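For reference, the structure is listed below as structure tokens.
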Amino acid sequence: MAVTYARLQDAYLKQYRAELKKELGLKSIMQVPELKKIVVNVGAGMAISNPKIIDTIVTEIAAITGQAPVRTRAKKSISSFKLREKMVIGVMVTLRGRRMYEFLDRLVNIALPRVRDFNGLSPKSFDRQGNYSLGIKEQIIFPEINFDQVDNVHGMDITLVIRSDKPEHSLALLEKFNFPIRKK
């Protein structure tokens with residue numbers, strides 16, 4: 001049985017990896033930056049007063065990512081927020097492999113261009129290890145979500161975990177994937 005890859009994954013393995021090695025002046029192919037996983041996280045503080053909101057968020061995130069999300073729970077009680085320990089307050093998904101590349105492809109080519117007044121992502125969102133984090137204010141930018149069936153608009157945090165030596169190397173990798181990062 002032949003192994004099938006996502007479009008971006010295939011391009012990375014056959015073309016981008018060799019180009020990055022040459023452009024960054026790396027000695028080994030193992031030093032080339034690589035996308036390891038994508039974590040999609042939705043914090044639902046409004047679920048404290050209405051726990052049924054979590055069910056709709058779970059179905060929406062499952063439709064967006066193609067994978068069932070995990071419900072995250074509160075670690076400790078906070079009485080001023082009426083939050084109790086182990087109460088469900090969000091959902092998260094960790095994408096790897098083919099699903100990760102397919103999600104990245106849809107994010108870059110379909111979802112981000114649908115953001116209102118979009119003029120690129122901040123180049124300052126890299127951490128020291130070279131991971132990139134971005135926040136999305138509305139889940140309705142994804143075509144999998146039917147705008148008419150949305151009860152509550154919520155945002156999500158997306159973290160791209162990249163194995164690299166420097167944030168500059170991670171930036172070079174994301175530029176190969178046509179990630180819309182503003183020039184400084």
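The values are calculated or read from the model by the stated rules, or taken from the named source; none is laboratory data. No experiment lies behind these values; they were computed from the predicted model shown. Here the Cβ is made from the backbone with ideal geometry for all residues, glycine too, and neighbour counts use every protein chain on show.
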Pick from D165, D151, D105: which is acidic (D, E) and touching a Leu at 6+ places or on another chain (Cβ under 6 Å)? D105
Among the residues of the range 57-66, are any farther than 16 Å from T159 by Cα, surrounded by 14 or more Cβ atoms within 10 Å (Cβ to Cβ), of a type in the set (D, E, K, R) and modelled with pLDDT under 85? yes
Just wondering, is there one or more residues in the range 149-160 that are of a type in the set (A, V, I, L, M, F, W, C), buried (at least 18 other Cβ atoms within 10 Å of the Cβ) and over 20 Å from A63 (Cβ atoms)? yes
Of R106, R163, R182, the only residue that is closer than 27 Å to I53 by Cβ and of a type outside the set (V, I, T) is R106
Filter result for I89 (at pLDDT below 85 and outside any strand (DSSP E or B)): no
Condition (residue is in contact (Cβ under 8 Å) with a residue 24 or more places away in the chain, of a type outside the set (D, E, K, R), assigned to a loop (DSSP other than H, G, I, E, B) and within 22 Å of I29 (Cβ to Cβ)) applied to the range 147-170: is it met by at least one residue? yes
Quick check: is even one residue across the range 113-135 part of a helix (DSSP H, G or I), within 30 Å of I54 (Cα to Cα) and out of contact with any strand residue (DSSP E or B) (no Cβ under 7 Å at 6 or more places or on another chain)? yes
